[in-house]
């Protein structure tokens, strides 16, 4: 088992290196291949009346004249060993993992990512709890009352939840509940949990519910399908024949069997969200990693793009790793693979 | 002069109050600084109540919290490193400069007046040297005196474009800096007296390479904000700029984070007649989703959309069709022109007759529609200089019925060009801008009427000037006969508007210039002549002459003089739009007290 985990860990590190190389190449290599010069790339990071000399100075400062492999090597070195950066009057040490300094704000990226992570974490965890509990509960009830009015209504809502873009549901829910009924916080009013836990929950209530609606819908449909399949298994009939109460049959035997794929998908979904819930954070103006990523891409700010990509990839890779390990625990055949 | 202005304001305000008491339609005031000396009463909203020289809800009452929101973020809060119009408008709350735009509505707000300096610059040496004397009693937020050396240091550090790449470069280019000067970080011991001298703590002298007349305009730009050398932290300085204005940062303001300004206890209003400083506190939210920002503005959760570029398309239909909401909006004309460059390096547009054919064939009403119509888009432009720039004159060399184009005249010019059946060329635009795409499509249709076949070529916005439309080699090799373009003035005079788009010397073969098509030697000479002309009336006449020459050469197809639709937040006082800002004057604003 330990060998299996070590092997998977090494594969995860390799995956992160590949992700960083691909991101770096998309940013630098692809434009060069279609004819961009270091100066044309540097033009993005200067004012609109910059002289040719200024453009050259900035290109030189950002290292654009160096070969691609040297630039990438410098990035990796910063991540592993840190790097020194000039602030103008002094030199500042950027401790590892140093993803570099923003080309635009010229401030280190890593502290900015750390600063935004609690927002994304708060959003993802709260929404995950809501969608997991509500999605599974609705799925189980729908399966037990297949064809009933509740089942049809719940699956109808689930279909709408999956189909409606969160950008639309987010803005509409703000208009109705925050600006119309004044029962939830307006967009952009996030308060950290250590400042005021009550305000923290209040400011995130609407984003949690909106994001959870999207995922709960899928989980409800998945749970329903799983439960319908499980409840027809022979061992359920055996459990009932033994005289077990229906609640025990459903929760201990039926749900347990149906939950295995749910837990797997939950891990992957949560991992994906921890890297930034881009649309939800944008719709609710939450200063999390998703919003940060959008800004970084809009600004063509490579160090920021690299930083946020690596963090997102880290969570996805970790989630995959955990799921793989759980599979190995559940199913011994995986260890032989 | 100041006393009479206040008196005028007080009388106007009293009249406005009286009108409101009698059930007058709108409480506004024209001219003056926008301040009234009495109390305040609720003003009645009306469309354009804070536009065209009027002050909406004038007040001098202090207190309350003014709330701004920004759908993006500053390039930098550091005065050396910012190039957004709204950043310069807002920056005057926490820094002062040698000169400043007068805090007044309409055209009066375009006047440059002394700020840190006692008077406007005193020219000598044939207009190559300008001397300013600082007022007495000026202090930073920590109570230390502001000296001429702090102003000089601010200008010197802004020279370092490796450290501060975003800021304007006018002072880098125009002052007589010593060769190899790299700014105070890299060349700390270099003698810069050829460019700047500070003979004593209150005097600062600037030496220009050539005579330059618009110096007072330059000195209101952010790089002349004083920076105390001992507190300069380079790229980190943006997180807490040391205030010289009426407000200072509460703690730090790192990029991407909301921040607040509070009163600066060491700011002396006696030295600063331009800043009423009404609110006690100013809060700013950044990276607010743009549509949500409009909703919050409509619902009274925030007071001002700080970018001042207008409401989102999704909000426009709602606002313009609801009389109560429309009454809270203003529709200023901006010092911005949306236009199409016609490069003379691409055949057959190297022939002026073919360019004239384009000018006559274009349907400008389609151009206006592409930009959102007369309210949100703007007015049809017939030449370069927008109406807000002093010296503007309407020049109509290519008049067509109803601005819809004149097919017959266009065909005559095509005949003269040797292309009687028209020709094929490409039109470039920025792929991320739907309005530019709509412009290109509109021109494609209107030019097709005379046989000019346009192929649409979208290019990425980030590299549009560096790699594509602004790169002369690319333009030639890819047959870019037309390029959709746009420009807003850096400051509100002819030089600030024209220099970067009509001076052929700013065109770089490696790309990156906004001037894509204007290469007229006469125009370069006229620019130099105007730049050194100290008589404002004569200078303004030359700007118009330049405009005329560019239009005669038909190298620019003007489209729209831009307008925007701005909304006043609920409970704002002392609201007006000045020609210099073309958005609400943020220094003047106050909030109503319960």
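So here's what we get for this one:
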{"read-out": "Candidates A:151, A:234, A:299: whichever shows maximal mean-square fluctuation once chain A is modelled as a Gaussian network with Cα springs under 10 Å", "value": "A:234"}
{"read-out": "Between helix B:290-299 and chain B: long-axis angle, C-alpha atoms, 0 to 90°, nearest 10", "value": "50 degrees"}
{"read-out": "Residue A:225 paired with residue A:238, simple spin-label distance in nm, labels 7 Å along Cα-to-beta-carbon", "value": "2.7 nm"}
{"read-out": "Rounded, prolate or oblate (a/c below 1.5 giving rounded, otherwise prolate when a/b exceeds b/c) for segment B:394-452 by Cα gyration tensor", "value": "oblate"}
{"read-out": "Degrees between helix A:302-330 axis and first principal axis of chain A (Cα, 0 to 90, nearest 10)", "value": "30 degrees"}
{"read-out": "0 to 90° range, to nearest 10: angle between helix A:68-81 axis and chain A longest Cα axis", "value": "70 degrees"}
{"read-out": "Residues A:101, A:292, sorted so that the one with the fewest Cβ neighbours within 10 Å comes first", "value": "A:101, A:292"}
{"read-out": "Ordering of A:27-39, A:197-209 by burial proxy (mean other Cβ atoms within 10 Å per residue, highest first)", "value": "A:197-209, A:27-39"}
{"read-out": "Residue B:522-residue B:473 FRET efficiency (beta carbon distance; Förster radius 30 Å; 0.05 resolution)", "value": "0.75"}
{"read-out": "Anisotropy class of chain B from Cα gyration tensor, a/c 1.5 cut", "value": "oblate"}
{"read-out": "Exposure proxy order (Cβ contacts within 10 Å, fewest to most) of A:3, B:131", "value": "A:3, B:131"}
{"read-out": "Cβ crowding within 10 Å averaged over residues, with B:524-535, B:495-506 ranked highest first", "value": "B:495-506, B:524-535"}
{"read-out": "Length added when fully stretched, residue A:199-residue A:95, from 0.36 nm per residue minus Cα-Cα", "value": "34.1 nm"}
{"read-out": "Gaussian network model of chain A, springs between alpha carbon atoms under 10 Å - residue of A:195, A:305, A:157 with greatest fluctuation", "value": "A:195"}
{"read-out": "Test item: B:165-173 mean partner chain Cβ contacts at 10 Å", "value": "5"}
{"read-out": "Label-reachable residues, segment B:465-486, where backbone N falls under 16 Å from a point 7 Å from residue B:441's Cα toward its Cβ", "value": "none"}
{"read-out": "Residue order, fewest to most surrounding Cβ atoms within 10 angstrom, among B:156, A:155", "value": "A:155, B:156"}
{"read-out": "Peptide B:289-301 - average C-beta neighbours from other chains (10 Å radius)", "value": "5"}
{"read-out": "Using a Förster distance of 45 Å, the FRET efficiency for residue A:153-residue A:13 (Cβ separation, nearest 0.05)", "value": "0.40"}
{"read-out": "Kirkwood hydrodynamic radius (C-alpha pairs) into Stokes-Einstein, segment B:55-207, 25 °C and 0.890 mPa s, D in µm²/s", "value": "140 µm²/s"}
{"read-out": "Span from the segment A:1-49 Cα centroid across to the segment B:194-248 one, whole angstrom", "value": "40 Å"}
{"read-out": "Relative packing of A:133-139, B:54-60, B:332-338, which averages over residues the other C-beta atoms within 10 Å, highest first", "value": "B:54-60, B:332-338, A:133-139"}
{"read-out": "Rough spin-label spacing in nm, given labels placed 7 Å along Cα→Cβ, for residue B:324 and residue B:186", "value": "5.9 nm"}
{"read-out": "Residue-averaged beta-carbon neighbours from other chains (10 angstrom radius) around A:86-95", "value": "5"}
{"read-out": "Mean Cα-pair separation over length for chain A, i.e. relative contact order, pairs under 8 Å, 6 or more apart, %", "value": "22 percent"}
{"read-out": "Overall form of chain A per C-alpha gyration tensor (a/c, 1.5; a/b vs b/c)", "value": "prolate"}
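Values quoted throughout were computed directly from the atomic coordinates according to the rules given, and no laboratory measurement underlies them. Here the structure is a predicted model, which means the values were calculated and not measured. Ideal geometry is used to build each Cβ from the backbone, glycine not excepted, and the neighbour counts take in all protein chains shown.
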